[in-house]
Amino acid sequence: MRVDPNLSALLNGGIQSTEQSLNTAVSQLASGQRVQRPSDDPAAAAANLQSLAESSNVDRYTKNGDSVLSQAQMADSALSNVVSELNQAIALGTQGADGSMTTEDRASIAIQVQSILSDVVGQANSTFNGVSLFSGTSAAAPAFVADSTSPTGYSYQGNSGVNSANIGDNLEVNVNVPGDQVFTNASGNVFGSLSGLISALGAGTTDDIGNAVAAVKTALTNVSQQRVLYAGVVNQINAQESFLSKETISLTSQQQSLTGIDMSVAVSNLTQAQIAHSTILAAAAKVLPTSLLDYLK
Amino acid sequence: MIGLSGSLSIATEALGAQTAALEVANNNIANANTPGYSRQVVSLSSEASVQNGTTVDEGVSYQGFTSVRDAVLGMAINGATSDQGSLTAQSKLLTQINTAFAGTTTGIGASLSTLFSDLSALSTNPSDPSARQTVLSDANALVNSFHQGAAVLSSATKAANQQVSSAVAQVNELSQQIASLNGQIASAEANGGDGGTLTDQRDELTTQMAQLIGVSTTQTGGAPTLTTANGSPLVIGDTPYALQVTTAPDGMAHILDGQGNDITDELSGGSIGGAITVRDDTLPALSQQLDSLASQFADAMNSAQAGGYDLNGNPGVAMFAVPATGSAAAGISLSLTTGYQIAISSDGSSGSSGNLKALLAVQSNNLPGGANPTDSYASLVGNVGFAGSQVNSALAATTSSLQQLTSQRDSESGVSIDEETANLIRYQQAYSAAARVISSINDLYTTLMSISLGE
């Protein structure tokens, strides 16, 4: 059996293939990526794209959560101010309802309640990034304006719309509570009750003042209830964000395992490729120069 | 009885035969690195005749030389070469596409994510003009990504067409050379000779041809015939049949045989076959997938827009426009001109983000194609990858089988310098010995002459 005398062709093929493996190993190590083109591992490349899209969703849920959170915290702190002001109004009203109060005393209390009312209106017109917090989904700012024709002295400029934001694949939170629901609610009107208290303090009897204080208390209960909505949103977002941050970690590690290299495998591939390459080069160096002619001199 | 003169003629013949053998070895060594060269072996035979009932040896006779080659192996090599040519062409084209679709932070997938991410940011502040403008420029970036994707596929189609045209020109040139060699070989063989080197040259050209187009070699009435794999003649005897390339109205290069029949779809193998496979099978499937993603995505976004109101309280208008004919991915355009037109409001009030839900749902809802936009794109990239990886692994397998076949052929037909060196020494010694015989006979003659002169 005659053998292929063309050793250099055989060796060239071998050298090319070991060089190829060496190249692959080096470029994988250099880039940190096992899949550099979809053809390197089509299934992994496709799954990686899906995972990246999922990561981008998680990022956007987190961003949404952050922005809803700051808005909700802003609204919550406005409502917390309103609650303490209402408590103060109740204390003043109770004081004013005392039979020993003179008309002058009540008038001075009424002035204090008046200033509370203006403060509360200020809180109701709070804005966040230029957007009124309590005007529903209307862009109206301020949410409440003084209106002498209104029984409460203020009229609502917004609407009763509620925006929501995604903070999870199937999880939405409400971004706002409409102002009419908080401040001019039929079951506890903040502005109306405070105005009532002021006029009762000005001209009313002790009983009138007592009733007006009771109305303010009802309004306080309503505001507290509405505030719970924001507290719920804040809790939900905090819980979701800790979930999302875990999700980000697991997605990142998924992407790494799909298309990234396993360092130890890559290094051992490189070592193998190096050994194979130097072996074939050594073989070529030994075999190629050998010829019968060398021995005929 | 031979006598001195008979011996002299045997020795002279021997000198001639060994010289011829040396020439053959010399030629083998000279062509040791010539591609396609088959080593030649000298054929010598001993001469004898019967005279008066006695066998009389009459020395050696030089019978010429023959090339050592295996026609079946040659065909197998042509077949593998043709597969390799096809797969190499496919691999080159598909590698370009794979590189273009390799981006994870760029491309359609990333543009989709950015668009929905920025759209979603509008949920807390729907009337923010700069956030709306961001969404608009994201949508524009997505349109550009679709255009780029379509351009990658169409430039691969163009490259395939160019490859077909230039390869056909090379095929025609080779047909002419092969036909003229066929003529020379036929006249050499008619004079009882071996085509030898000419046959090697023809076989080498045939292998080069196989690299370009799948070929099959047969004999038609004694004339060697070279046809394409589907049977269209390229060369019959010493007549070449040129292929022609015409450009169809759709811009595709079509191949016509010598009779003017369109044989484009019937060709396989070689870089022509490979380019046609990619152009007519692989690329259209990918383009179609990209186009339907573009058009279905545009429809979904447009119908979501139609359900809402823009910042000015007007009903939402279409976000994207897709051409009615032609490639949707190449022709998709952004219809909105300002961020105000994004229909985020569900009730017409400027602060509402109620319709955002419908717009964002486009990302997670299945398109008519059966998957959501992200998954559709991922599956497109997966298909790009599968096409590439299949071809690459087939190419690796074919290359190694071609290497084995070539090595097998070389083991039969390749020139071994060591072997030829050994032969040279053998022939040289035989020559020296024959020369010694002549010198001895010369001595004998001289002796004989001196005897007769002395008397």
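The values are calculated or read from the model by the stated rules, or taken from the named source; none is laboratory data. The structure displayed is predicted, hence computed values, not measured ones. So basically every Cβ, Gly included, is an ideal-geometry build from the backbone, and we count neighbours across all protein chains shown.
Please work out which residue is surrounded by the most Cβ atoms within 10 Å (Cβ to Cβ), limiting yourself to region A:146-194 and to residues that are β-branched (Val, Ile, Thr) and part of a loop (DSSP other than H, G, I, E, B).
A:Val175
Results for (1) touching a Gly at 6+ places or on another chain (Cβ under 7 Å); (2) under 30 Å from B:Ser379 (Cα atoms); (3) modelled with pLDDT of 90 or more, shown as yes or no for each residue.
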{"position": "A:Leu7", "(1), (2), (3)": "no, no, no"}
{"position": "A:Thr18", "(1), (2), (3)": "no, no, yes"}
{"position": "A:Leu29", "(1), (2), (3)": "no, yes, yes"}
{"position": "A:Gln36", "(1), (2), (3)": "no, yes, no"}
{"position": "A:Tyr61", "(1), (2), (3)": "yes, yes, yes"}
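Hey, can you tell me all the residues within region B:171-194 that are in contact (Cβ under 8 Å) with a residue 12 or more places away in the chain and surrounded by fewer than 20 Cβ atoms within 10 Å (Cβ to Cβ)?
Scanning region B:171-194 gives B:Asn172, B:Gln176, B:Gln177, B:Ser180, B:Gly183, B:Gln184, B:Ala186, B:Gly193, B:Asp194.
Give region B:102-113 a look and list any residue that's at the interface with chain A (Cβ under 8 Å from one of its Cβ atoms) and of a type in the set (S, T, N, Q), or say none.
The answer is B:Thr104, B:Ser113.
Conditions first: (1) in contact with an Asp or Glu (Cβ under 9 Å, 6 or more places away or on another chain); (2) of a type in the set (A, V, I, L, M, F, W, C); (3) within 14 Å of chain B (Cβ to nearest Cβ). A:Ala141 passes all but one, so which condition is the exception?
(1) is the only condition that A:Ala141 fails.
Farther than 30 Å from B:Val42 by Cα, more than 7 Å from every other protein chain (Cβ to nearest Cβ) and not aromatic (Phe, Trp, Tyr): which single residue out of B:Leu367, B:Leu360 fits that description? Working first, answer last.
Numbers: B:Leu360 fails: more than 7 Å from every other protein chain (Cβ to nearest Cβ).
Unique residue meeting the criteria: B:Leu367.
Counting only residues that are part of a loop (DSSP other than H, G, I, E, B), without any contact (Cβ under 8 Å) to a residue 24 or more places away in the chain and within 19 Å of A:Gly204 (Cβ to Cβ), which one in region A:99-141 is nearest to the chain's Cα centre (by Cα)?
The selected residue is A:Met101.
How about region B:56-109: which of its residues are among the hydrophobic types (A, V, I, L, M, F, W, C), part of a helix (DSSP H, G or I) and within 24 Å of A:Leu258 (Cβ to Cβ)?
Hits for region B:56-109 are B:Leu94, B:Ile97, B:Ala100, B:Ile108.
A:Val131 fails exactly one of the following numbered conditions: (1) farther than 30 Å from B:Ser117 by Cβ; (2) at the interface with another protein chain (Cβ under 10 Å from one of its Cβ atoms). What is the number of that condition?
All conditions are met except number (1).
Condition first: more than 10 Å from chain B (Cβ to nearest Cβ), touching a Lys or Arg at 6+ places or on another chain (Cβ under 9 Å) and not hydroxyl-bearing (Ser, Thr, Tyr). Now tell me which residues in region A:40-89 satisfy that.
Across region A:40-89, the qualifying residues are A:Ala75, A:Asp76, A:Leu79, A:Val82, A:Val83, A:Leu86.
Test each condition in (1) assigned to a loop (DSSP other than H, G, I, E, B); (2) crowded, with 22+ Cβ neighbours inside 10 Å; (3) charged (D, E, K, R) for B:Asp291 and report the one that comes out false.
The single condition B:Asp291 does not satisfy is (1).
When you look at A:Ala89, is it buried (at least 21 other Cβ atoms within 10 Å of the Cβ) and at pLDDT 90 or above, yes or no?
Spelling it out, A:Ala89 is indeed buried (at least 21 other Cβ atoms within 10 Å of the Cβ) and at pLDDT 90 or above.
Specify the residue that is modelled with the highest pLDDT; the eligible residues are those in region A:276-297 that are loosely packed, with under 12 Cβ neighbours inside 10 Å and assigned to a helix (DSSP H, G or I).
A:Ala282
Does B:Gly382 count as small (Gly, Ala, Ser), farther than 30 Å from A:Leu133 by Cβ, in contact with a Ser or Thr (Cβ under 6 Å, 6 or more places away or on another chain) and within 14 Å of chain A (Cβ to nearest Cβ)?
Spelling it out, it is not the case that B:Gly382 is small (Gly, Ala, Ser), farther than 30 Å from A:Leu133 by Cβ, in contact with a Ser or Thr (Cβ under 6 Å, 6 or more places away or on another chain) and within 14 Å of chain A (Cβ to nearest Cβ).
Mind counting the residues in region B:90-101 that are facing chain A (nearest Cβ under 8 Å) and buried (at least 21 other Cβ atoms within 10 Å of the Cβ)?
Matching residues across region B:90-101 total 3.
Name the residues in region B:114-144 that are of a type in the set (Ser, Thr, Tyr) and at the interface with chain A (Cβ under 7 Å from one of its Cβ atoms), would you? Spell out how you get there, then give the answer.
Taking region B:114-144 as the starting set, the residues that turn out to be of a type in the set (Ser, Thr, Tyr) are B:114, B:117, B:120, B:123-124, B:127, B:130, B:134, B:137.
Scanning region B:114-144 gives B:Ser117, B:Ser120, B:Ser123, B:Thr124, B:Ser127.
In region B:332-354, how many residues are more than 14 Å from every other protein chain (Cβ to nearest Cβ) and either touching a Lys or Arg at 6+ places or on another chain (Cβ under 7 Å) or surrounded by fewer than 19 Cβ atoms within 10 Å (Cβ to Cβ) (or both)?
The qualifying residues number 7.
Condition test on B:Thr206, is it touching a residue at least 24 places away in the same chain (Cβ under 8 Å), closer than 30 Å to B:Val42 by Cβ and in contact with a Lys or Arg (Cβ under 9 Å, 6 or more places away or on another chain)?
So B:Thr206 does not fit the description; no.
Within region A:10-39, can you find the residues that are in a helix (DSSP H, G or I) and facing chain B (nearest Cβ under 7 Å)? Show your work before the answer.
The initial filter retains those residues of region A:10-39 that are in a helix (DSSP H, G or I), namely A:10-31, A:38-39.
Matches in region A:10-39: A:Leu10, A:Gly13, A:Pro38, A:Ser39.
Exactly one of these conditions fails for B:Val235: (1) surrounded by 19 or more Cβ atoms within 10 Å (Cβ to Cβ); (2) of a type outside the set (S, T, N, Q); (3) closer than 23 Å to B:Gln162 by Cβ. Give me its number.
Checking B:Val235 against (1) surrounded by 19 or more Cβ atoms within 10 Å (Cβ to Cβ); (2) of a type outside the set (S, T, N, Q); (3) closer than 23 Å to B:Gln162 by Cβ, the one that fails is (3).
Restricted to region A:209-243, and to residues that are among the aliphatic types (A, V, I, L, M) and without any contact (Cβ under 8 Å) to a residue 12 or more places away in the chain, which residue is farthest from A:Leu197 (Cα to Cα)?
A:Ala239
So how many residues does region A:122-135 have that are closer than 12 Å to A:Gly179 by Cα and touching a helix residue (DSSP H, G or I) at 6+ places or on another chain (Cβ under 7 Å)?
Matching residues across region A:122-135 total 6.
Which of the residues spanning region A:31-57 are farther than 22 Å from B:Gly385 by Cα and either free of Cβ contacts under 8 Å to residues at least 24 places away in the same chain or of a type in the set (Phe, Trp, Tyr) (or both)?
Across region A:31-57, the qualifying residue is only A:Ser56.
Report yes if some residue within region B:253-264 is away from chain A (no Cβ under 13 Å) and part of a helix (DSSP H, G or I); otherwise report no. Please lay out each step first, then the result.
Residues of region B:253-264 away from chain A (no Cβ under 13 Å): B:253-264.
From what is left, the residues that are part of a helix (DSSP H, G or I) are B:264.
There is at least one residue in region B:253-264 that is away from chain A (no Cβ under 13 Å) and part of a helix (DSSP H, G or I).
Does region A:200-213 include one or more residues that are surrounded by fewer than 16 Cβ atoms within 10 Å (Cβ to Cβ), under 41 Å from the mean Cα position of the chain (by Cα) and not in a helix (DSSP H, G or I)?
No, because not a single residue in region A:200-213 is surrounded by fewer than 16 Cβ atoms within 10 Å (Cβ to Cβ), under 41 Å from the mean Cα position of the chain (by Cα) and not in a helix (DSSP H, G or I).
Considering every residue within region A:243-262, establish whether at least one is of a type in the set (Phe, Trp, Tyr) and closer than 30 Å to B:Ile417 by Cα.
no
If a residue counts only when it is surrounded by 18 or more Cβ atoms within 10 Å (Cβ to Cβ) and within 25 Å of the chain's Cα centre (by Cα), which helices (runs of 4 or more DSSP H) contained entirely in region B:355-455 have at least 3 such residues?
Those helices (runs of 4 or more DSSP H) span B:373-413.
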